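These notes are about the structure you will find just below.
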2 protein chains.
Amino acid sequence: MKRRTFIKTTALSSLSLAAMSTAFSGVKMPLANELRVNGKRIEARIFELAKFGRDENGRGYRVGYTQGDKEGRAWFMELMKNAGLNPSIDAGGNIIGKRKGKNPSLKPIAFGSHIDMVPDGGNYDGTLGCLSALEVIEILNENKVETNHPLEVIVFANEEGGLIGSRSMVGGLTPEGLEQISQSGLVMGEGIKGIGGNPENLSGSLRKKGDLHAFLELHIEQGGILENENLQIGVVEGIVGILDCIVTIEGFSNHAGTTPMKLRKDALLAASKLVVAVNEIVTGIQGNQVGTVGKIEALPGAYNVVPGKVTLGLEIRDLSWEKIEMILAEIEKRAATIATETKTTITFTPEASFTKPALTDPALQQKINEAAKSLGLSSKFMQSGAGHDSQQIASIAPVGMIFVPSVGGISHSPKEFTKAEDMTNGANVLLQTILSVDQS
Amino acid sequence: MKRRTFIKTTALSSLSLAAMSTAFSGVKMPLANELRVNGKRIEARIFELAKFGRDENGRGYRVGYTQGDKEGRAWFMELMKNAGLNPSIDAGGNIIGKRKGKNPSLKPIAFGSHIDMVPDGGNYDGTLGCLSALEVIEILNENKVETNHPLEVIVFANEEGGLIGSRSMVGGLTPEGLEQISQSGLVMGEGIKGIGGNPENLSGSLRKKGDLHAFLELHIEQGGILENENLQIGVVEGIVGILDCIVTIEGFSNHAGTTPMKLRKDALLAASKLVVAVNEIVTGIQGNQVGTVGKIEALPGAYNVVPGKVTLGLEIRDLSWEKIEMILAEIEKRAATIATETKTTITFTPEASFTKPALTDPALQQKINEAAKSLGLSSKFMQSGAGHDSQQIASIAPVGMIFVPSVGGISHSPKEFTKAEDMTNGANVLLQTILSVDQS
């Protein structure tokens with residue numbers, strides 16, 4: 001019997017619903033592990049979505065809560081409707097589309113990302129995850145696959161504005177947060193209302209621990225590691241924590257012509273030594289931690305004046321908060337030596353808005369990696385250096401993240417690009433991981 | 001005979017005109033080397049002059065060509081008239097007061113400085129040299145001393161705007177220079193006209209080589225060397241040359257979270273290494289050279305972006321132009337190594353507006369030092385790190401400069417301060433040097 005043959009040639013764990021449905025319908029359908037996304041459809045929709053939210057100069061400007069964002073969301077909801085997802089908008093403005101599972105007592109498997117972008121941003125950040133999530137549903141529909149778990153496609157609102165939608169979903173959006181001005185120019189609460197949310201009653205759509213069986217997010221890497229190592233899939237181990245810190249160096253402003261070198265208290269010399277020290281400390285220990293001085297201001301800022309005051313913006317990221325704190329302590333120690341050497345004072349003021357690391361679920365990591373392997377794709381376990389909605393959802397559900405290569409490691413730029421083949425690979429890993437999770 | 005006694009008790013070289021005039025008038029007058037300025041008068045006039053050119057917040061704003069500058073100049077000319085100096089204004093706007101000498105065939109000994117100031121400047125920069133010059137004349141008048149050489153008191157116009165008055169006097173003010181906007185907001189030519197000059201005919205009052213016997217300038221040090229070494233008089237060996245250079249470091253802007261340390265092309269890290277290298281190179285060789293990075297800009301300038309481009313403002317000063325060029329070459333060599341290390345490119349673009357060093361006259365240096373010694377004052381041969389009118393005049397006449405201590409080395413600031421005792425010392429050295437030069 002044909003069906004038997006099928007069962008024999010596939011491992012029991014991959015015995016698919018599709019195969020079973022084939023048996024009943026009599027139409028030959030591929031096995032679940034043979035299901036593949038339609039990469040062309042994903043790519044075409046990437047470009048369709050990219051048309052929404054262009055500024056007068058043609059630059060991408062689908063910033064959360066703007067007209068372009070609203071148009072992109074409307075377009076996406078239409079696609080969801082056509083896919084039978086019956087989309088709705090929760091209190092935080094997130095779009096949620098649902099697909100029933102065979103077993104209504106099981107918690108949903110959710111997946112998705114965001115479609116808002118930074119000003120002058122690219123076409124792949126977030127959108128790939130959303131369009132691939134929709135693609136998964138459509139492939140399941142087309143192949144008449146019914147999962148055990150209900151499925152949810154989530155398009156989080158205003159990710160680039162500070163993970164606002166995902167934050168609201170897990171109770172992390174404070175009344176103060178709602179009062180902040182968003183990149184759109186609107187106060188956050190107004191922005192949420194404008195896209196159909198209900199900021200007065202965020203608790204109405206809170207997801208609690210255990211409400212979701214799992215959350216999966218496919219995303220472009222936004223860095224150059226996969227490309228650099230010629231790999232196809234990144235299995236994300238976690239999203240790094242971020243500590244931002246203002247470093248203030250006070251020396252003494254003096255005439256650059258009349259002040260001998262040995263009488264100077266040059267704040268920029270001290271700052272420069274510190275920038276070099278930050279790099280030495282961060283690169284001097286094992287691991288994937290990064291440390292960046294991205295901002296500098298030297299006052300008064302003239303050729304002929306020894307700088308009296310310098311302000312630096314220091315950022316440290318790692319999967320371990322303890323390591324971040326250890327690195328900061330080491331930098332502060334070196335700063336004390338530099339301050340003495342240069343006759344300056346150096347003070348560190350951490351910004352209030354730090355982000356703690358969010359780890360992904362080890363079982364989901366394994367499932368993603370197995371899915372990649374089963375598809376014949378090379379993979380690597382890695383951290384996410386950028387923030388993602390997954391890190392919010394990690395507080396209420398096991399999360400898994402799949403990365404695909406970014407050409408040149410470029411992101412948040414019109415030059416952001418991911419090859420169609422890599423997008424297809426990522427979407428196939430998402431599909432196979434969902435099916436695998438559904439079976440477990 | 002009383003006169004004989006006088007002659008006997010003084011060295012022949014210091015046989016003074018005052019002593020001789022005493023002989024004829026019958027009134028006992030001090031010997032020339034016994035003449036002393038009236039320090040109280042200088043100090044009182046410093047404060048009187050400081051009243052002119054205050055902005056609405058009471059800050060010093062006697063910027064060249066402004067109303068305050070004009071008022072200060074009118075006040076000063078009135079004092080010159082009272083001292084019999086018969087002041088006039090030359091084509092460049094400089095105020096020149098003349099006092100006849102015994103020998104009309106001798107070239108004048110000139111001395112002076114400027115009374116304009118930087119915005120929010122101090123009360124001593126320039127003004128001390130002008131008021132002491134006037135004081136010298138008044139002391140000579142009061143003691144009925146007639147010099148061999150004619151004397152000239154010069155108040156140079158708009159020194160702080162780029163040595164404009166002294167530049168015009170030696171043919172260094174170009175038609176392009178006249179078109180530049182001055183700190184007053186006026187085009188330079190208009191400014192000169194406004195204070196009574198004649199910018200259309202600058203050649204009318206040009207001074208040529210040999211027109212002046214010598215030029216002497218008393219000035220506050222504007223640095224902290226004399227105070228630091230507890231010395232009273234600085235004998236200036238020369239005014240340093242200045243090379244300003246834009247240094248551009250190009251790396252690659254990238255996401256600070258997703259770009260591993262080893263894949264970065266961090267322009268700020270490269271710039272910081274270069275700032276440290278500049279300091280090492282400049283302090284690593286013998287001499288009084290200074291090297292300063294006073295300006296820095298890092299783009300795009302955000303916590304979460306590796307800086308892709310940094311611009312530095314580098315300045316090197318020394319009495320030797322060859323040394324300045326050697327230091328720049330050394331810095332460029334180190335920059336090449338840093339560029340390779342950091343995967344950046346570093347380019348040096350010297351500003352067109354460099355200043356060549358101007359050396360003072362060695363014989364005048366000796367006379368200044370002897371005058372200080374004869375007055376029982378401690379002294380030191382030193383360079384001037386700041387620019388002065390003397391450096392322009394050095395192209396047509398032997399110049400000498402006298403420095404007195406600046407408290408805390410502070411200048412171009414309301415905190416600029418020189419003790420009354422130090423001002424008096426400086427003015428006495430000026431007086432005694434003029435008399436000594438007149439005898440030589």
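Run the numbers on chain A and let me know its relative contact order in percent, using alpha-carbon pairs under 8 Å that are six or more apart.
21 percent
Can you tell me which of A:K81, A:K51, A:K333 moves the most in a GNM of chain A? Springs connect C-alpha atoms under 10 Å apart. For chain A, modelled as a Gaussian network with Cα springs under 10 Å, the answer is A:K333. Placing unit charges on each Cβ (+1 for Lys and Arg, -1 for Asp and Glu) gives the stretch A:241-350 a dipole about its Cα centre, and among A:L299, A:T259, A:A270 the Cα reaching farthest toward its positive end belongs to A:T259.
Rank the residues A:H114, B:H213 as a footprinting-exposure proxy: fewest other Cβ atoms within 10 Å of their Cβ go first.
Values: A:H114 30, B:H213 21.
With the fewest neighbours first, A:H114, B:H213 line up as B:H213, A:H114.
For the listed residue pairs A:K265/B:K343; B:K144/B:K209; A:K295/B:K356; A:K262/B:K323, the alpha carbons are over 26 angstrom apart in A:K265/B:K343; B:K144/B:K209; A:K295/B:K356.
Taking Cα atoms only, the orientation of helix A:67-82 departs from the longest principal axis of chain A by about 20 degrees. Kirkwood radius for the stretch B:40-164, taken over all pairs of different Cα atoms as the inverse mean of 1/r, rounds to 14.7 Å.
Expressed in whole Å with the largest first, what are the equivalent ellipsoid semi-axes of chain B derived from the C-alpha gyration tensor as the square root of 5 times each eigenvalue? Write down the numbers at each step before the final one.
Values: eigenvalues 432, 114, 72 Å².
Taking √(5λ) for each eigenvalue gives 46, 24, 19 Å, largest first.
Taken over the Cα atoms of the protein assembly as shown, the convex hull encloses 168 Å³ per residue.
Of B:K273/B:K415; A:K40/A:K70; A:K51/A:K193, which pairs sit farther than 29 Å apart, going by alpha carbon to alpha carbon? Write down the numbers at each step before the final one.
Values: B:K273/B:K415 34 Å; A:K40/A:K70 25 Å; A:K51/A:K193 24 Å.
As for pairs spanning more than 29 Å Cα to Cα, those are B:K273/B:K415.
Within the stretch B:159-241, the trypsin sites (Lys or Arg not before Pro) that combine a DSSP coil assignment with at most 11 other C-beta atoms in a 10 angstrom radius are B:K208, B:K209. Computed from the Cα positions only, the extents of the stretch A:241-350 along the three principal axes stand at 49, 21, 19 Å, in decreasing order. Each of A:M29, A:M80, B:M401 was scored by other Cβ atoms within 10 Å of its Cβ. Arranged with the fewest first, they read A:M29, A:M80, B:M401. The C-alpha atoms of chain B define a longest principal axis, and helix B:39-50 lies at about 50 degrees to it. For the stretch A:14-168, the relative contact order is 28 percent, taking Cα pairs closer than 8 Å that sit 6 or more residues apart in sequence and dividing their mean separation by the residue count. Which net charge results when you count Lys and Arg as +1 and Asp and Glu as -1 among the other residues whose beta-carbon is under 13 Å from that of A:N86? So the surrounding residues net to +2.
Taking neighbour Cβ counts within 10 Å as the exposure measure, how do B:V155, B:V235 sort from fewest upward? If you can, show how the numbers build up before the last one.
Details: B:V155 31, B:V235 24.
Ordered from fewest to most neighbouring Cβ atoms within 10 Å, B:V155, B:V235 come out as B:V235, B:V155.
Only aspartates and glutamates eight or more places from A:K208 in sequence, or on another chain, were considered; those with a Cα closer than 18 Å are A:D90, A:E152, A:D361, A:D389. Scanning residues 5 or more positions from B:L319 or on other chains, those with amide H under 5 Å from its amide H are B:G241, with H placed 1.01 Å from N in the peptide plane.
In chain B, what % of DSSP beta bridges are antiparallel (nearest 5)?
Given both bridge residues lie in chain B, the antiparallel proportion sits at roughly 65 percent.
The residues packed around B:K102, meaning those with a beta-carbon under 13 Å from its beta-carbon, carry a net charge of +1 if Lys and Arg are +1 and Asp and Glu are -1.
Could you identify which residue out of B:L85, B:L35, B:L312 has the top mean-square fluctuation in a GNM of chain B using Cα springs shorter than 10 Å? Of B:L85, B:L35, B:L312, the Gaussian network model singles out B:L312 as fluctuating most.
If you take each beta carbon of peptide B:300-312 and count the beta carbons of other chains within 10 angstrom, what is the mean? Numbers along the way, then the final one.
Working: counts 2, 5, 5, 12, 12, 6, 4, 6, 0, 0, 1, 0, 3.
Counting Cβ atoms of other protein chains within 10 Å of each residue's Cβ and averaging gives 4.
Counting, for every residue in B:237-250, the Cβ atoms of other protein chains within 10 Å of its Cβ and taking the mean gives 1.
Exposed loop sites here are GluC sites (Glu not before Pro) assigned a DSSP state other than H, G, I, E or B and surrounded by at most 12 other beta carbons within 10 Å; excluding them, the longest clear run of chain B is B:230-440. Springs between alpha-carbon pairs under 10 angstrom, Gaussian network model over chain B: which of B:Q366, B:Q392, B:Q180 fluctuates most? Highest fluctuation among the options: B:Q180. For the stretch A:352-440, trypsin sites (Lys or Arg not before Pro) are listed when DSSP marks them as loop and at most 15 other Cβ atoms sit within 10 Å of their Cβ; the list is A:K415, A:K419. Its DSSP H runs of at least 4 residues, each contributing -39,500 (n - 2.57), put the calculated 222 nm mean residue ellipticity of chain B at -11000 deg cm²/dmol, to the nearest 500.
Considering only the Cα atoms of the stretch B:304-440, their convex hull presents on average a projected area of 12.8 nm². Sorted shortest first, the separations between the A:T349 label point and its copies elsewhere in the assembly read 3.4 nm; each point sits 7 Å from Cα along the Cα-to-Cβ line. Inter-copy label distances for A:L106: 11.2 nm (label point placed 7 Å from Cα along Cα→Cβ; shortest first).
So what is the relative contact order of the stretch A:223-320, in percent, for Cα pairs below 8 Å that sit 6 or more residues apart? Present the calculation step by step, with values, prior to reporting the outcome.
Working: 161 pairs, mean separation 38.8, N = 98.
The value is 40 percent.
Distances from A:S88 to itself in the other copies, using label points 7 Å out along the Cα-Cβ axis, amount to 9.7 nm in increasing order.
Across peptide B:378-387, what mean number of C-beta atoms from other chains lies inside 10 Å of a residue's C-beta?
Details: counts 0, 0, 0, 0, 2, 3, 2, 7, 6, 2.
The shielding value for this peptide is 2.
Among DSSP beta bridges whose residues both lie in the protein assembly as shown, state the antiparallel percentage, nearest 5. Beta bridges within the protein assembly as shown, antiparallel portion: roughly 65 percent. Helix B:420-439 and the long axis of chain B differ in direction by around 60°, with both axes built from C-alpha atoms. The HN-Hα couplings worked out from phi for the stretch A:238-245 by the Karplus form 6.51 cos²θ - 1.76 cosθ + 1.60 (θ = phi - 60°) are x, 10, 4, x, 10, 10, 9, 8 Hz, whole numbers, x standing for Gly and Pro.
No lab work stands behind these numbers, since they all come straight from the coordinates. Remember, predicted model here, so these are calculated numbers, not experimental data. Backbone-built Cβ (ideal geometry, glycine too); neighbour counts: all protein chains shown.
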